[in-house]
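Participant: Before I ask anything, here is the structure I am working with.
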């Protein structure tokens, strides 16, 4: 089988307290030519997967800080090594929190500014379409995807933020239906309405909204989350074609 036509294999890491792992597994299964397998937090290798998903939930009960204990799971060393080799890693909600706690992404995630859990659909403006996670989008596109979190308030020091802006690492921002970046469109108080970021090599991505819950047209909010996963699938296949 040609490398570009083999199934793309996603690994979904399962921590104690994960509650969106099955959603992520199901979401990947809706893409022809892609499949997912669960990776237990005590595993020490990634079983040869092409991309890794750190899902949402409450890993280890969110004790200490969200993601603070998950970063020490045995599997996270394998995730770090995978990322260092250029492998695609996406952290969603609690997965995003785990990535920042692990040092794979800059900044931190604080309590929502309103000090309340937020669950609603938001509009995300694509700031950088030239990433492995947004390549099916155009800059300025609006994606409608659900958020459900209590600690989604992204914060980072001014110097790092300036560098991230200059590098194009700010990938998604909360926006209103017209694409404007307003305080009302920001569900958690994140600096500069930031909803999703990449590392400086653009192979590790964290986002607070849940694309895995927005992959089927029958859902009231639509299927815009498909564009995130399809971008990853396309990237894996393109890399396989080049490597062959």
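Just so you know, all these numbers are worked out from the coordinates, no wet-lab data involved. Predicted model, so just to flag it, every value in this text is computed and none were measured. Neighbour counts run over all protein chains shown; Cβ positions are idealised from the backbone, glycine included.
Participant: Order 215-225, 80-90, 143-153 from most to least packed using the mean count of other Cβ atoms within 10 Å.
Facilitator: Details: 215-225: 15.5, 80-90: 18.3, 143-153: 21.7.
With the highest mean Cβ count within 10 Å placed first, the list reads 143-153, 80-90, 215-225.
Participant: Quick one: which of 201-207, 67-73 comes out on top by average Cβ neighbours within 10 Å, and what's the full order, highest first? Please report the intermediate quantities before stating the final value.
Facilitator: Details: 201-207: 23.6, 67-73: 20.7.
Going by the mean number of other Cβ atoms within 10 Å, highest first, we get 201-207, 67-73.
Participant: A further question follows. Could you work out the percent of alpha carbon pairs in region 67-110 separated by over 13 Å, rounded to a whole number? Each step should come with its number before you reach the end.
Facilitator: On the way: 475 of 946 pairs.
Value for region 67-110: 50 percent of Cα pairs lie more than 13 Å apart.
Participant: Given contacts defined as C-alpha pairs under 8 Å and at least six residues apart, what's the relative contact order of the chain, whole-number percent?
Facilitator: Computed value for the chain: 20 percent relative contact order.
Participant: What does the helix-only formula give at 222 nm for the chain: each DSSP H stretch with n ≥ 4 adding -39500 (n - 2.57), the total divided by the residues, and the result rounded to the nearest 500 deg cm²/dmol?
Facilitator: On the way: 5 runs with 56 residues, N = 244.
The helix-only estimate for the chain comes to -7000 deg cm²/dmol at 222 nm.
Participant: Okay, next question. Please state, as a whole number in µm²/s, the translational diffusion coefficient that the Stokes-Einstein equation yields for region 143-222 at 25 °C and 0.890 mPa s, with Rh defined as the Kirkwood radius across alpha carbon pairs.
Facilitator: On the way: Rh = 13.6 Å.
Approximately 181 µm²/s, per Stokes-Einstein.
Participant: Still on this model: Treating each Cα of the chain as an identical point scatterer and ignoring solvent, apply the Debye formula and state log10 I(q)/I(0) at q = 0.12, 0.14 Å⁻¹.
Facilitator: These q points yield log10 I(q)/I(0) values of -0.60, -0.84.
Participant: Moving on. Between region 86-114 and region 169-235, what's the alpha-carbon centroid distance in Å?
Facilitator: Between the Cα centre of region 86-114 and that of region 169-235, the gap is 13 Å.
Participant: Now a separate question. Among 22-28, 161-167, how do they line up by average Cβ neighbours within 10 Å per residue, starting with the highest? Please report the intermediate quantities before stating the final value.
Facilitator: Numbers: 22-28: 21.4, 161-167: 14.4.
So the peptides 22-28, 161-167, ranked by packing, come out 22-28, 161-167.
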